[in-house]
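Following: one structure in structure tokens, then a few remarks.
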Amino acid sequence: MSAPEIAIVGSGINALTAGAMLAKSGKRVALFEREAVAGGCMRSETLAEGVTYDPLATTFVLWVTGAAHAALGADLARHGVEFCATGTPTGVLLPDGRALTYKMDRAANVAAFDAGHPGDGGQLAADLDGFAADADLLFGLMGGDPWSKSTAKLLGKEAWKRKPRGLAMTMGGALQSMRGWLETSFESDLNRALWAPWCLHAGLGPEASFSGQMGQVIGFALEVAGAPVVKGGTANMVRGLIAIIEENGGTIRTNAEVSEIMISGGRATGLKLSGGEEVKAGKVLASVTPNQLYGQLAPAPERKDDLRKYRYGKGNFQLHYLLNGPVKWKTDGLEDVQLLHITPGLDGVSKAGNEAERGMLPEVPTICVGQPTAADPSRAPEGQSVLWLQMPEAPRVVKGDAKGEIEVPADGQWTEALREAYANRIEAILAAHIDGFKESVVTRRAISPAELEGYNMNLVGGDPYGGACSLEQFFLWRPFADTNRHDTCIKGLYHIGASTHPGPGLSGGSGFLTAKELGA
């Protein structure tokens with residue numbers, strides 16, 4: 001077999017996207033995955049007999065609204081990949097039982113917000129319409145290559161249309177925090193609470209710059225595309241992308257850990273596997289963290305200070321349930337909400353996030369409850385329900401418990417006892433909102449931040465976003481201030497993945513951009 005033109009380290013969404021696009025364009029590609037299963041954060045496992053769940057990522061709204069899906073969607077459909085969604089992508093549930101749902105229906109959403117406070121619905125419509133008017137500019141900057149001719153052309157066009165001061169006003173407005181947006185747009189605490197947790201899914205807190213803009217991005221996307229999951233489990237997406245690669249002559253190897261990127265004369269020439277095997281390649285794409293790339297695979301002493309300063313964000317805590325029956329919410333109208341946040345509201349999100357930032361177990365964590373079987377009943381036998389819970393505010397190293405109840409190991413590491421004690425806290429909050437919850441539980445599985453890293457070494461300390469997403473470490477400054485596209489200081493070596501622009505999430509963005517740069 002001839003040597004690949006392009007070797008790719010990893011097999012997550014960006015690696016598979018790049019591999020599929022490059023293979024379709026006629027390039028010989030080969031992917032190398034250290035784990036026994038390909039997919040990175042896209043995994044499906046068995047929770048009980050006949051029951052499929054996604055232990056890590058599950059929602060594909062970024063994919064179905066992105067450029068990679070436009071390029072590969074028809075091929076994926078041909079290989080049996082199907083997306084499922086209800087008409088109610090998200091909602092919020094407060095401790096007192098009040099709830100608000102958000103639908104793929106503008107009129108219904110406006111009416112629901114107005115019911116919370118007269119005028120809030122009109123403001124929601126105005127904010128989303130305002131975002132839509134700026135969508136070409138904002139999506140172009142968030143999803144395009146910051147240093148490309150197309151981005152320069154976009155900025156020039158917008159500066160001509162808006163005038164320089166108008167463009168500056170638009171860009172400045174995009175830096176608004178989630179708290180700033182919510183407190184100036186909506187009077188109802190329930191309406192504010194609907195959006196407050198969503199900044200967490202962008203790796204930001206409600207006081208962070210740009211978090212308000214991300215809230216509007218998410219609101220716009222959810223209303224248009226819902227919160228789709230892959231029918232039969234996220235692993236079917238992995239199988240579909242691999243099928244595209246293989247039918248176009250590409251290969252993927254699992255249990256193939258890359259120990260070194262071979263470099264000669266300042267150029268990447270291939271890979272060396274941990275067993276000593278060498279694979280020659282014309283170009284190398286590495287879907288890894290900066291620390292892995294420049295600290296291990298292709299050591300760059302000149303990056304030592306950059307690596308020291310590169311920060312990782314909070315960890316995630318996952319919790320999964322199989323219930324022997326439907327989910328009996330005490331509050332009506334929540335049975336088909338795909339991603340329901342249980343939270344005290346905006347201040348509660350701030351409090352829990354601050355506690356986690358300081359290494360504390362949050363007293364009242366923000367709980368994101370996914371109901372995958374509401375959209376995809378094939379994941380469990382008839383009559384049973386799967387719940388997918390994500391807590392985005394978990395300390396990577398635990399210094400203490402904000403509630404003062406859970407004993408924390410002296411070394412701050414996540415243990416089985418700590419994991420289960422924290423899961424009990426989350427379960428108590430959840431059970432308070434569901435009739436007969438504890439009696440209906442068939443299986444429970446908790447996954448700590450440390451165990452997330454065990455699934456995928458790119459999730460450092462359980463950070464699912466490949467590094468902190470604060471403004472100084474995002475956009476054209478991701479991962480480093482002098483970053484230039486996905487090129488590196490080594491010719492023929494390209495850095496992709498969540499640690500690079502356009503950042504984390506199941507969009508395949510960096511894989512798409514790099515594949516296009518290489519001629520796909």
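The values are calculated or read from the model by the stated rules, or taken from the named source; none is laboratory data. A quick note: this is a predicted structure, and the numbers were derived from the prediction, not measured. Glycine also receives a Cβ, built like all others from the backbone with ideal geometry; neighbour counts cover every protein chain displayed.
Wholly within the range 181-288, which strands (runs of 3 or more DSSP E) include no fewer than the required count, namely at least 2 residues that are among the aliphatic types (A, V, I, L, M), closer than 20 Å to Gly10 by Cβ and modelled with pLDDT of 95 or more?
Details: elements: 251-253, 258-264, 267-273, 278-280, 283-287.
Correct list: 258-264, 267-273, 283-287.
Output the residues belonging to the range 438-462 that are free of Cβ contacts under 8 Å to residues at least 24 places away in the same chain and over 30 Å from Gln296 (Cβ atoms).
The first filter runs over the range 438-462 and keeps only residues free of Cβ contacts under 8 Å to residues at least 24 places away in the same chain, leaving 438-439, 453-454.
Those that are free of Cβ contacts under 8 Å to residues at least 24 places away in the same chain and over 30 Å from Gln296 (Cβ atoms): Lys438, Glu439.
Within the range 462-478, restricting attention to residues that are assigned to a helix (DSSP H, G or I) and of a type in the set (A, V, I, L, M), which residue is farthest from Gln213 (Cα to Cα)?
Step one: filter the range 462-478 for residues assigned to a helix (DSSP H, G or I), giving 462, 471-473, 475-477.
Narrowing the set further to residues that are of a type in the set (A, V, I, L, M) leaves 471, 476.
Details: Leu471: 12, Leu476: 17 Å.
So the residue we want is Leu476.
Tally time: how many residues in the range 78-126 are over 18 Å from Leu340 (Cα atoms), free of Cβ contacts under 8 Å to residues at least 60 places away in the same chain and surrounded by 14 or more Cβ atoms within 10 Å (Cβ to Cβ)?
5
Would a scan of the range 336-350 turn up a residue that is acidic (Asp, Glu), modelled with pLDDT of 95 or more and within 22 Å of Pro381 (Cβ to Cβ)? Show your work before the answer.
Here is the first cut: in the range 336-350, the ones acidic (Asp, Glu) are 336, 347.
Now restrict to residues that are modelled with pLDDT of 95 or more: 336, 347.
Subsequent filtering for residues that are within 22 Å of Pro381 (Cβ to Cβ) retains 336.
Yes - at least one qualifying residue is present in the range 336-350.
Among Ala380, Ala423, which is the only one that is in contact with a Lys or Arg (Cβ under 8 Å, 6 or more places away or on another chain) and either surrounded by 20 or more Cβ atoms within 10 Å (Cβ to Cβ) or of a type in the set (D, E, K, R) (or both)?
Matching residue, one of Ala380, Ala423: Ala423.
Among (1) within 23 Å of Gly345 (Cβ to Cβ); (2) under 22 Å from the mean Cα position of the chain (by Cα), which single condition is Glu405 missing?
So the condition that Glu405 fails would be (2).
When you scan the range 204-211, do you find a residue that is among the hydrophobic types (A, V, I, L, M, F, W, C), under 18 Å from Cys368 (Cβ atoms) and within 17 Å of the chain's Cα centre (by Cα), even just one?
yes
How many residues does the range 148-180 contain that are part of a helix (DSSP H, G or I) and within 17 Å of Ser470 (Cα to Cα)? Working first, answer last.
Going residue by residue through the range 148-180, those that are part of a helix (DSSP H, G or I) are 149-173, 178-180.
Applying the additional criterion that residues be within 17 Å of Ser470 (Cα to Cα) yields 171-173, 178-180.
Qualifying residue count for the region: 6.
If you go through the range 1-51 one residue at a time, how many are over 11 Å from Ala515 (Cα atoms), touching a helix residue (DSSP H, G or I) at 6+ places or on another chain (Cβ under 6 Å) and of a type in the set (Gly, Ala, Ser)?
The number of residues fulfilling the criteria is 3.
Being over 17 Å from Ala498 (Cβ atoms), assigned by TED's automatic domain parsing to the domain that holds Met237 and in contact with a Phe, Trp or Tyr (Cβ under 9 Å, 6 or more places away or on another chain) is true for just one of Ala20, Ala71, Ala36, Ala30. Which residue is that?
On the way: Ala20 fails: in contact with a Phe, Trp or Tyr (Cβ under 9 Å, 6 or more places away or on another chain); Ala36 fails: in contact with a Phe, Trp or Tyr (Cβ under 9 Å, 6 or more places away or on another chain); Ala30 fails: in contact with a Phe, Trp or Tyr (Cβ under 9 Å, 6 or more places away or on another chain).
None of the others qualify; the one that does is Ala71.
Given the conditions (1) farther than 22 Å from Ala99 by Cα; (2) part of a helix (DSSP H, G or I); (3) among the acidic types (Asp, Glu), which single one is not true for Glu382?
The single condition Glu382 does not satisfy is (2).
Search the range 289-312 for residues being of a type in the set (A, V, I, L, M) and either out of contact with any His (no Cβ under 9 Å at 6 or more places or on another chain) or within 19 Å of Glu5 (Cα to Cα) (or both), and hand back the single one that is modelled with the lowest pLDDT. Steps first, please.
Initial filter on the range 289-312 (of a type in the set (A, V, I, L, M)): 293, 297-298, 300, 307.
Remaining after also requiring either out of contact with any His (no Cβ under 9 Å at 6 or more places or on another chain) or within 19 Å of Glu5 (Cα to Cα) (or both): 297-298, 300, 307.
Working: Leu297: 98, Ala298: 97, Ala300: 93, Leu307: 96.
Of everything passing the filter in the range 289-312, Ala300 is modelled with the lowest pLDDT.
Looking at the range 80-134 only, could you name the residues that are within 22 Å of the chain's Cα centre (by Cα), closer than 19 Å to Gln216 by Cβ and small (Gly, Ala, Ser)?
The one that is within 22 Å of the chain's Cα centre (by Cα), closer than 19 Å to Gln216 by Cβ and small (Gly, Ala, Ser): Gly91.
How many residues does the range 481-520 hold that are over 17 Å from Pro464 (Cβ atoms), of a type in the set (A, V, I, L, M) and not in a loop (DSSP other than H, G, I, E, B)?
The qualifying residues number 3.
Of Asn255, Asn291, Asn248, which residue is in contact (Cβ under 8 Å) with a residue 40 or more places away in the chain, in contact with a helix residue (DSSP H, G or I) (Cβ under 6 Å, 6 or more places away or on another chain) and under 18 Å from Leu31 (Cβ atoms)?
Working: Asn255 fails: in contact with a helix residue (DSSP H, G or I) (Cβ under 6 Å, 6 or more places away or on another chain); Asn291 fails: under 18 Å from Leu31 (Cβ atoms).
One residue alone meets the criteria, Asn248.
Restricting attention to the range 275-288, and to residues there that are touching a residue at least 60 places away in the same chain (Cβ under 8 Å) and either out of contact with any Phe, Trp or Tyr (no Cβ under 9 Å at 6 or more places or on another chain) or not assigned by TED's automatic domain parsing to the domain that holds Gly10 (or both), which single residue is farthest from Glu33 (Cα to Cα)?
Step one: filter the range 275-288 for residues touching a residue at least 60 places away in the same chain (Cβ under 8 Å), giving 279-288.
Remaining after also requiring either out of contact with any Phe, Trp or Tyr (no Cβ under 9 Å at 6 or more places or on another chain) or not assigned by TED's automatic domain parsing to the domain that holds Gly10 (or both): 280-282, 287-288.
Numbers: Lys280: 16, Ala281: 16, Gly282: 19, Ser287: 10, Val288: 11 Å.
The residue in question is Gly282.
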